[in-house]
Every structure is written in C-alpha cells, then in structure tokens.
Amino acid sequence: MPIEIKSYACNFRCGHRSLIRRSSMEAHEARCFHNPEMMACQTCRHFEPGTRGTHDEPGDEWWCASYEETFDKIGGRKFKCPRWQPQSK
C-alpha cells in the first residue's frame with residue numbers, strides 16, 4: 001500500500017519537481033526564472049522562446065527582443081534586467 005507524503009510545488013508553476021522540505025522550495029522560488037520579482041527573461045514582455053529543434057537540426061535559442069541577442073548560451077539567462085517589463089495579461 002502506498003504511503004502518503006506531503007510535498008511542496010513551485011508557486012510560479014515553472015515545472016520544477018516537488019520537494020519534501022518547505023525551506024528547499026522557498027529557496028527555489030527565490031531564484032526561479034518564473035518569479036516576476038526576479039525580473040527574468042521568462043516573465044518579460046520582450047521574451048520570445050526559441051524552438052527546441054532536433055539532434056540533426058538544432059532549434060533557435062531563447063532570445064530577447066529588447067536586446068536582440070541570445071541569452072541561452074553558457075547560462076546567459078538574465079536576472080534583474082534593466083529593460084525588463086511585465087507581460088501584458
């Protein structure tokens with residue numbers, strides 16, 4: 001018979017796995033790319049996701065329409081971007 005386990009999920013629905021310790025999830029949420037307070041690419045009006053592509057034909061990288069350059073190369077996604085603007089709802 002399965003055992004019930006209480007776990008915590010990210011409030012910003014980023015897809016991060018659920019965690020058993022609340023403090024661990026709070027630490028994740030503080031640095032989550034989907035947290036608007038972090039002013040990261042994923043919550044910006046200028047963000048346009050790339051295509052994943054295939055092994056033979058790589059897809060486009062993530063890019064910022066504000067900076068017109070890619071940010072996905074070598075961990076280049078930005079936090080606290082000076083050009084960040086909230087997404088319109």
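FYI, it's all coordinate maths here, none of it is from the lab. All values reported here derive from a predicted model rather than from experimental measurement. Here Cβ is always computed from backbone atoms with ideal geometry, including for glycine, and neighbour counts include all displayed protein chains.
Here the Karplus curve 6.51 cos²θ - 1.76 cosθ + 1.60, taken at θ = phi - 60°, turns the phi angles of region 11-28 into couplings of 5, 9, 6, 8, x, 5, 4, 6, 10, 7, 8, 4, 4, 5, 5, 5, 5, 5 Hz, with x standing for Gly and Pro. The modelled label-to-label distance between SER24 and TYR8, using points 7 Å beyond Cα along the C-beta direction, is 1.1 nm.
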